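Have a look at the structure below before the remarks.
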Amino acid sequence: MKLIGLIGGISWISTVDYYTYINKGVNEQLGGLNAGNFIIHSVNYADIVKNNESGNWDATLELITKASLNLKLSGAEAIVLCANTMHMIADDLQKNIGIPVIHIAEATAAEIKKQEISKVGLLGTKFTMERDFFTNKLADQGITALIPDEDERAFIHETIGNELGKGIFKPETKAYYLHVMRKLIEQGAEGIILGCTEIPMLIKPGDIDIPLFDTTLIHSKAAVEFMLG
């Protein structure tokens, strides 16, 4: 079993899900008492948010590179960034560290393609929705991404940071997310990407009648595949 390194704490709430999904995924395949072979470096989320909101992605890249190199020195053969937004720096990070970064958007695109879906709605932080680091990976597989309007994006971004990332899940926030998702469906979305690792804790598969793509679960499965490959 290959050793992988996880960069967690972004936020710690969803890192718990990665820990659970990876261990369960390994056990489902190997049985017995088998579980995942990985190391977690949990960073201070406040430092990441401060850098990103001020546009200082170089500082974030430096912090994540240092953490990833420490994991590599400990024997990690690949890195998992436990957040969608962190993949803004994934390509540069991989160049810096010389080992694979298991990309959340590539894994998600592959899963969407399996279901023969070509148009999806994308929810996430403003960075994930507005920048092209995620949507380009979808486009590479012939998948079109629809995003909410400006006010909706602002609400989603704000609630991810001030509610979901703190483990706060309000019924009115869930209702708003579902409203936004229904609008995307009206625009032609055949599925919805839950493109922030906290959103699947708010929105569940039974909440809407089209496929939901839980990026936390999809990414964790890709990590297991690498680990056991």
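The values are calculated or read from the model by the stated rules, or taken from the named source; none is laboratory data. Because the structure is a prediction, the values reported are computed rather than measured. FYI the Cβ positions are ideal-geometry reconstructions off the backbone, even for glycines, and counts take in every protein chain you see. The area values use the complete protein model at the heavy-atom level, side chains included, leaving out ligands, DNA and RNA. Shrake-Rupley method; radii C 1.70, N 1.55, O 1.52, S 1.80 Å.
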Rg/Rh for the stretch 107-229, where both radii come from Cα atoms and Rh is the Kirkwood radius: 0.95
Binned Cα-Cα distance frequencies in the chain - 5 Å width, integer %: 1, 7, 15, 19, 21, 17, 12, 6, 2, 0
Percent of Cα pairs exceeding the 16 Å cut-off, where the set is the stretch 1-63: 54 percent
Amide N of the stretch 102-128 lying under 16 Å from the label point, which is placed 7 angstrom from the Cα of Lys183 along Cα→Cβ: 121-126
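Using the 2.2 N^0.38 Å rule of thumb for compact globular proteins, work out how the stretch 147-216 stacks up: its C-alpha Rg over that value, please.
The stretch 147-216 yields a ratio of 1.02.
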Per residue solvent-accessible surface (Å²) - the chain, probe of 1.4 Å: 45 Å²
Of all accessible heavy-atom area on the stretch 13-75, the percent that carbon and sulfur account for (1.4 Å): 51 percent
Packing rank of 185-198, 114-127, where each peptide gets the mean count of other beta carbons within 10 Å, highest leading: 185-198, 114-127
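What FRET efficiency comes out for Asp151 versus Ile39 if R0 is 45 angstrom and r is the Cβ-Cβ distance? Round to the nearest 0.05.
The value I calculate is 0.65.
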Column: log10 I(q)/I(0), Debye, Cα scatterers of the stretch 55-148, q = 0.25 Å⁻¹: -1.25
Alpha-carbon gyration tensor eigenvalues x 5, square-rooted, for the stretch 27-68, Å: 34, 10, 8
Accessible surface of Asp149 - all protein chains present, 1.4 Å probe, nearest 10 Å²: 70 Å²
Under-5 Å amide H pairs with Ile40, H placed in peptide plane, nonlocal only: Leu6
In Å, descending, principal axis extents of the Cα set of the stretch 1-122: 45, 40, 28
